[in-house]
Amino acid sequence: MITLFGEGRGFRVAWLLEEMGLAYKLRSVDLLKGVNNDPEFLAVNPGGFIPAIQDGDVTMVESIAIMQYLMAKYGPTPLAPEPRDPSFPYYQQFLHLGEAGLAVPWNTVLVGRNLAPEAERDSWLVRWALKTFKSRLGHVSRRLESSPYLAGETFTAADISVTYALERAQWHGLVTLGATEQDYLSRTTERDAYKRAMDACHDTKAWVAQLAARGGARQS
């Protein structure tokens, strides 16, 4: 059975596993307590970051790479269009933009605003990262004006990647999404596999419930 270590970006992996109907177990990793206190996890990923998976003799890290591995090994799946499919370039582009173009800059903003010394919380780097996020968000918005999903008419893993990034940015209060993006999130997060992944990721579900109680998260 596949073991998924950690939530956070691991939610992407859990969602994909649910979409594909693959059996897995989720093993919690508490980064706040420090991974130095978790030798079992460090044996899997000495780098100490999440997510990671173990699949038999295979160990992998990085959420997008893990998703591509799972789809290649256990596919074919409509979540990953074939290279000759006209939707394939869009799929590839937005699969990676969800992390490199969206999640990385918002993570920089989040860390800068919450963990940096007080005098550095509105630094040039934080402002640049937020500007970068918004520019990539504009690319997503323009695509959604002509297509219900990022690869085209059909939901793919690119939507898992981008939905994760947009939801977290919104939940953390980094951006106010427009009607186009909100409608898109309504489509993606109404999927049964998304709901099953949220039920499986207990820490994430509890955190979102706390935000919703304070008015800081969109109910899914």
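The values are calculated or read from the model by the stated rules, or taken from the named source; none is laboratory data. Note that the structure is predicted; figures quoted are calculated from it, not measured. Glycine gets a Cβ as well: all are built from the backbone with ideal geometry, and neighbour counts include every protein chain shown.
Screening the stretch 162-201 for residues that are among the hydroxyl-bearing types (Ser, Thr, Tyr) and not in a loop (DSSP other than H, G, I, E, B) and picking the one that is nearest to Gly138 (Cα to Cα) gives Thr180. Please work out if Ala43 is assigned to a helix (DSSP H, G or I), without any contact (Cβ under 8 Å) to a residue 60 or more places away in the chain and under 24 Å from Val162 (Cβ atoms). No, not satisfied. Out of the residues in the stretch 29-40 meeting the condition of being assigned to a loop (DSSP other than H, G, I, E, B) and not basic (Lys, Arg), tell me which one is farthest from the chain's Cα centre (by Cα). Looking at the filtered set, the residue picked out is Asp38.
Being touching a helix residue (DSSP H, G or I) at 6+ places or on another chain (Cβ under 6 Å), crowded, with 24+ Cβ neighbours inside 10 Å and closer than 12 Å to Leu97 by Cβ is a property that does not hold for Ala169. Please indicate, with yes or no, whether at least one residue in the stretch 77-84 is of a type in the set (Val, Ile, Thr) and under 17 Å from the mean Cα position of the chain (by Cα). Checked against the condition, which is being of a type in the set (Val, Ile, Thr) and under 17 Å from the mean Cα position of the chain (by Cα), the stretch 77-84 yields no hits at all.
Checked against the criterion of being more than 27 Å from Cys201 (Cβ to Cβ) and not charged (D, E, K, R), the candidates Trp106, Trp128, Trp171 yield just one match: Trp128. Checked against the criterion of being within 28 Å of Pro78 (Cα to Cα) and either of a type in the set (S, T, N, Q) or surrounded by fewer than 20 Cβ atoms within 10 Å (Cβ to Cβ) (or both), the stretch 204-211 contains one or more residues that satisfy it. Test Glu120 against the stated conditions and say whether it is among the acidic types (Asp, Glu), surrounded by fewer than 16 Cβ atoms within 10 Å (Cβ to Cβ) and under 25 Å from Ala193 (Cβ atoms). The answer is no for Glu120. When Lys25 is tested against (1) in contact (Cβ under 8 Å) with a residue 24 or more places away in the chain; (2) of a type outside the set (Asp, Glu); (3) surrounded by fewer than 20 Cβ atoms within 10 Å (Cβ to Cβ); (4) more than 14 Å from Ala200 (Cβ to Cβ), only condition (4) is not met. In a helix (DSSP H, G or I), more than 18 Å from the chain's Cα centre (by Cα) and surrounded by 19 or more Cβ atoms within 10 Å (Cβ to Cβ) - does that describe any residue in the stretch 131-143? Taking every residue of the stretch 131-143 in turn, at least one turns out to be in a helix (DSSP H, G or I), more than 18 Å from the chain's Cα centre (by Cα) and surrounded by 19 or more Cβ atoms within 10 Å (Cβ to Cβ). Residue count for the stretch 9-32, restricted to those that are in contact with a Leu (Cβ under 9 Å, 6 or more places away or on another chain) and either modelled with pLDDT under 95 or charged (D, E, K, R) (or both): 3. Can you give me the number of residues within the stretch 48-89 that are farther than 20 Å from Arg12 by Cα, without any contact (Cβ under 8 Å) to a residue 60 or more places away in the chain and not in a helix (DSSP H, G or I)? Going through the stretch 48-89 one residue at a time, the tally reaches 6. Return yes or no: is Leu130 touching a residue at least 40 places away in the same chain (Cβ under 8 Å), of a type in the set (A, V, I, L, M) and farther than 23 Å from Trp15 by Cα? For Leu130, the condition - touching a residue at least 40 places away in the same chain (Cβ under 8 Å), of a type in the set (A, V, I, L, M) and farther than 23 Å from Trp15 by Cα - is met. Taking interchain pairs and intrachain pairs at least six residues apart, which have beta carbon atoms under 9 angstrom, with the first residue in the stretch 95-109 and of a type in the set (D, E, K, R) and the second surrounded by fewer than 21 Cβ atoms within 10 Å (Cβ to Cβ)? From residues that are of a type in the set (D, E, K, R), the pairs are Glu99/Glu62; Glu99/Ile64.
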